[in-house]
Amino acid sequence: MSLVKEFREFVGSGSAVDLAVGVLAAGALGKILQSFVDEMIIPLTGLLGKVSWADAYVVLKGDVPAGKALVEARKIDGAVILGYGQFMTVAVNTLILVFAVFMVVKAINAMKKKQAEEAAAAPPPAPPAQEVLLTEIRDLLKTK
């Protein structure tokens with residue numbers, strides 16, 4: 001089978017479309033969650049003392065004046081700086097994204113379970129009249 005034919009079958013099967021929709025939805029969800037963290041969660045954490053995590057850092061070595069922005073502090077010769085603020089922001093974003101994906105998967109699994117239960121609870125369809133008649137004839141012949 002040629003590579004082009006395999007690719008056509010893959011694209012036509014719907015898997016590629018599902019994948020593309022998933023990637024686009026994840027990208028959009030990522031932007032929404034990034035905005036949620038930046039505009040809602042991080043400011044709330046400012047109540048704990050830090051106004052913004054983006055400039056949060058610890059000076060490991062060197063002489064950095066207090067209150068200096070991270071970008072400026074990194075320009076100082078000989079300074080070794082551990083910028084943990086951006087990491088914290090990314091960590092919070094990731095946790096929120098993972099939780100959101102978990103909730104979506106949980107909802108999908110609940111819908112699938114409900115559909116499976118409904119399908120199992122539905123009575124099987126009645127056999128066609130010919131099959132019922134043939135079964136009766138078979139049973140009569142067995143008794144004789």
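The values are calculated or read from the model by the stated rules, or taken from the named source; none is laboratory data. Remember, it's a predicted structure, so these values are computed and weren't measured experimentally. Every residue, glycine as well, gets a Cβ built from its backbone with ideal geometry; the counts of neighbours run over all protein chains shown.
Data overview
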| item | result |
| --- | --- |
| Residue that is modelled with the lowest pLDDT [pool: residues in the stretch 72-91 that are crowded, with 17+ Cβ neighbours inside 10 Å and β-branched (Val, Ile, Thr)] | Thr89 |
| Residues of the stretch 18-71 classified as surrounded by 12 or more Cβ atoms within 10 Å (Cβ to Cβ), assigned to a helix (DSSP H, G or I) and either over 35 Å from the mean Cα position of the chain (by Cα) or among the acidic types (Asp, Glu) (or both), total | 1 |
| Residue selected from the stretch 118-132 under the condition part of a helix (DSSP H, G or I), modelled with pLDDT under 85 and not charged (D, E, K, R), by the criterion farthest from the chain's Cα centre (by Cα) | Ala121 |
| All positions within the stretch 72-90 that are outside any helix (DSSP H, G or I) and among the hydrophobic types (A, V, I, L, M, F, W, C) | Ile76, Ala79, Val80, Ile81, Leu82 |
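For (1) part of a helix (DSSP H, G or I); (2) of a type in the set (Phe, Trp, Tyr); (3) over 30 Å from Ala25 (Cα atoms); (4) out of contact with any Ser or Thr (no Cβ under 9 Å at 6 or more places or on another chain), each residue gets a yes or a no:
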{"residue": "Val92", "(1), (2), (3), (4)": "yes, no, no, no"}
{"residue": "Phe99", "(1), (2), (3), (4)": "yes, yes, no, yes"}
{"residue": "Ala107", "(1), (2), (3), (4)": "yes, no, no, yes"}
{"residue": "Ala116", "(1), (2), (3), (4)": "yes, no, no, yes"}
{"residue": "Leu134", "(1), (2), (3), (4)": "yes, no, yes, yes"}
